[in-house]
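First comes the structure, then the notes that go with it.
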Amino acid sequence: MLNKRGAGVLMHISSIPSEYGVGVFDENCLSFIDKLKEMDFGYWQVLPFNPVDDANSPYCSSSAFAGNFMFIDPAGLMKEGLVSKADVDENVYGGSPYTADYEFAAQKRMNLLKKAFMNINAETANAVREFEKENPWVVDFSLFMSIREANDKKPWWEWDEEYARYGTFMQKHRYDFEEQSAFWRFVQYLFFKQWSEIKSYANEKGIAVIGDMPIYVAMDSVDVWANLCQFKIDEETLKPSKVAGVPPDYFSEEGQLWGNPLYDWDKMKNEGYGWWLSRLGAALKTYDVVRIDHFRAFASYWEVPAESETAKNGSWAIGPRMDFFEKVFEKYPDAPIIAEDLGIFGEDVVKLLEDTNFPGMKVVQFGFDPDGDSSHLPHNSGVNSVNYVGTHDNNTILGWLWEAEERQRRFALNYIGFDGENWGDGGYHSKSCRKVIEAVWRSSSNTAVVAFQDMCGFGSDARMNIPSVPEKNWRFRTTAETINSMDAQYFKKLNSTFRRTYPVFDLK
């Protein structure tokens, strides 16, 4: 995988058609896979599966290992005899099919899962115990979620002292939450059971799943609570002195102040990078290919004083570099990893990419500089790279064309060979969108990826995320009718013309 010419589509689970407010692991996923096969795509890329934060972002999660319970299919629970049809009907969403309603889905799915938990039989209970043995991370996660629920979802550092201190809790209160934690282990078992069935179906069709791993974890996460010493956090005050972010860049003049706790790489090294290796192993089991978000932080990372209001006041610190990846290669010699190497670059990042030989990323929108010869322009792309029409953080192509400055837009249109007048026309047959996609497909990059929205010629209202804007993101959804209205024959021909036809899953 990744070393042969192939192509993929970016579509997150939350955007898949569904009756339940957000996409779930049901027959709509299978239908989407069938559509990918029909068009000769070999990759399906998704965003992180982790539980989302209060802004619905999967990049600041309560766990680096757990799955988002909202993706569990209610009808699947009914098929297993765990809930009734009336219970499932309560999860049916009556609002717009084009907007993800996380609040509705979270409330309804949680109520449904608690009903299902009351109906488990001995066979399911045994299956959950086997799942726990194979996924030891679920023990800490289930305890964390149980305590959090008992404390009105307060962050862990505001819990009683004996609960906030992981070591003390495990000594004195480990079994105080046995029933509650059993529920959360059951939920994670269901999540990965249902997803495994979807992924197996994709693989049988010759389609590999590209997953996404956020570089950082949330401060209010089980990962920090249970592994405090491996983060740059004062063990007395339970507060970080510096937090994660990025300096001013393409997306923000103020930089991006993420606020995540930073890893103590020296301590992680002393422990053989065990937590990270376990995390990577779990991701490689969940997906076929793993894209590591903000890969550059392994070379050097931007640390910002915790009290700062913007990311401008940060400074660079040295990451673990090849010392870490040598351990990765020892444990996972042929791990298919994509390095998200976007943002502020440096020679240290270039060297780390060369040393790991991971494919980096190119995004055509970043290349449309009328005064430069950007490495993101398709003609400059190397073979060992993944070329994107746009990522989840980008505007749609049509939205970008509409919002670009005239000189920049004119350069882009000239570059892609668009000589018509109606560059602003969208829709399934948008000529300008197709020209951009074709430019990316023509590149020498082994892998090319297009977001579903760009396949449909949608405008900026279909954008998935706007970095540094905390509200109204991650809500794009679509319908089965929209998927079936795509020009499948066009994309099938596109993949054939530029030798990107599926399957890629069984290629070595």
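Bin width 10 Å, origin at 0, all Cα-Cα pairs of the stretch 266-334: what percent of pairs per bin?
For the stretch 266-334, the binned pair fractions read 17, 43, 28, 12, 0 percent.
Jot down the per residue volume, in cubic angstrom and as a whole number, of the convex hull over the alpha-carbon atoms of the chain.
Expressed per residue, the convex hull around the Cα atoms of the chain is 144 Å³.
What do you get for the angle between helix 137-150 and the principal long axis of the chain? Use alpha-carbon atoms, 0 to 90 degrees, nearest ten.
Long axis of 137-150 versus the principal axis of the chain: about 70 degrees.
Dividing the convex hull volume of the Cα atoms of the stretch 227-359 by its residue count, what figure in Å³ per residue is obtained?
112
Taking every eigenvalue of the Cα gyration tensor of the stretch 355-508, multiplying by 5 and rooting it, what semi-axes result, largest first, whole Å?
Taking √(5λ) for each eigenvalue gives 22, 20, 18 Å, largest first.
Dipole size in debye (nearest 20) for the stretch 227-359 around its Cα centre, Lys and Arg Cβ +1, Asp and Glu Cβ -1?
320
K312: which aspartates and glutamates have alpha carbons under 15 Å from its alpha carbon, excluding same-chain residues fewer than 8 sequence positions away?
D249, E253, E254, E303
In Å, what Rg and Dmax follow from the Cα atoms of the stretch 3-79?
In order Rg, Dmax, the Cα atoms of the stretch 3-79 give 14.0, 42 Å.
In whole angstrom, note down how far apart the Cα centers of the stretch 13-76 and the stretch 197-216 are.
11
Can you grab the distance from the C-alpha centre of the stretch 334-387 to the C-alpha centre of the stretch 406-477, Å, no decimals?
If we compute the Cα centre of each part, the gap is 19 Å.
Considering only the chain, what is the antiparallel percent among its DSSP beta bridges, to the nearest 5?
Restricted to the chain, the bridges split so that about 35 percent are antiparallel.
For K435, give me every one of the lysines with a C-alpha distance below 25 angstrom, ignoring sequence neighbours fewer than eight places off in its own chain.
Qualifying lysines at Cα under 25 Å: K4, K35, K37, K362, K492, K493.
If packing is taken as the mean number of other Cβ atoms within 10 Å per residue, what is the order of 134-144, 200-210, 432-442, 262-272, highest first?
432-442, 134-144, 200-210, 262-272
Working from Cα positions, state the angle (0 to 90°, nearest 10) between the long axis of helix 488-497 and the longest principal axis of the chain.
70
Measure nothing fancy, just the Cα-based angle from helix 178-204's long axis to the longest principal axis of the chain, in degrees from 0 to 90, nearest 10.
Orientation of helix 178-204: about 30 degrees from the principal axis.
No lab work stands behind these numbers, since they all come straight from the coordinates. The model shown is predicted, which means the values in this text are computed figures rather than measured ones. Note: ideal-geometry Cβ built from the backbone for every residue, glycine included; neighbour counts use all protein chains shown.
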